[in-house]
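Engineer: Just passing along the structure, written as structure tokens.
The values are calculated or read from the model by the stated rules, or taken from the named source; none is laboratory data. Quick caveat, the model's predicted, so the values are computed rather than measured. Using ideal geometry, Cβ is built from the backbone for each residue, glycine included, and neighbour counts are taken over all protein chains shown.
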């Protein structure tokens, strides 16, 4: 074996091959917070959902693993799915909703803080959205009802401009 010096794709693009400019979701972007609070009003059956926030239009990188929420869904065997509604890409292509694209079946039976982005492991815990009108981020309780008074409070971090 030999000692090697290698470069990330982004470093190579910007400084070695100089083949292009990096987008602000890759370098020098600003981290923003989409804060949300939800207190369930009345019971919601299994598969009930909550629209938490809408990420802005354009190119946005969701920082899933840096985001977190306090979840107080105390129904036995409660799980949280986190994903996005259908949207239109910058190129005008319809993008299908993915109700568990950010988190799939996170055990929230006991109240407490949850790190988000568990379904984004293949992309380093992030997800890039390119949308014309923004993207709605939605939480769903697939398995159990959401009881009156259950809480979901947190902050989704994302990079833009």
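Engineer: Would you check which residues across segment 58-78 are in contact with a strand residue (DSSP E or B) (Cβ under 7 Å, 6 or more places away or on another chain), within 13 Å of residue 150 (Cβ to Cβ) and surrounded by fewer than 21 Cβ atoms within 10 Å (Cβ to Cβ) and list them?
Structural biologist: Result: 70, 72.
Engineer: Regarding segment 75-92, can at least one residue be identified that is touching a residue at least 24 places away in the same chain (Cβ under 8 Å), under 15 Å from the mean Cα position of the chain (by Cα), more than 22 Å from residue 124 (Cβ to Cβ) and not in a strand (DSSP E or B)?
Structural biologist: Looking through segment 75-92, at least one residue is touching a residue at least 24 places away in the same chain (Cβ under 8 Å), under 15 Å from the mean Cα position of the chain (by Cα), more than 22 Å from residue 124 (Cβ to Cβ) and not in a strand (DSSP E or B).
Engineer: Among the numbered criteria (1) on the phi > 0 side of the Ramachandran plot; (2) at pLDDT below 95; (3) touching a strand residue (DSSP E or B) at 6+ places or on another chain (Cβ under 8 Å), which one does residue 18 miss?
Structural biologist: Looking at each condition in turn, residue 18 falls short on (3).
Engineer: How about segment 122-154: which of its residues are under 14 Å from the mean Cα position of the chain (by Cα) and under 17 Å from residue 107 (Cβ atoms)?
Structural biologist: 139, 140, 154, listed by residue number.
Engineer: Right, next: Given the structure, is residue 105 crowded, with 16+ Cβ neighbours inside 10 Å and part of a strand (DSSP E or B)?
Structural biologist: no
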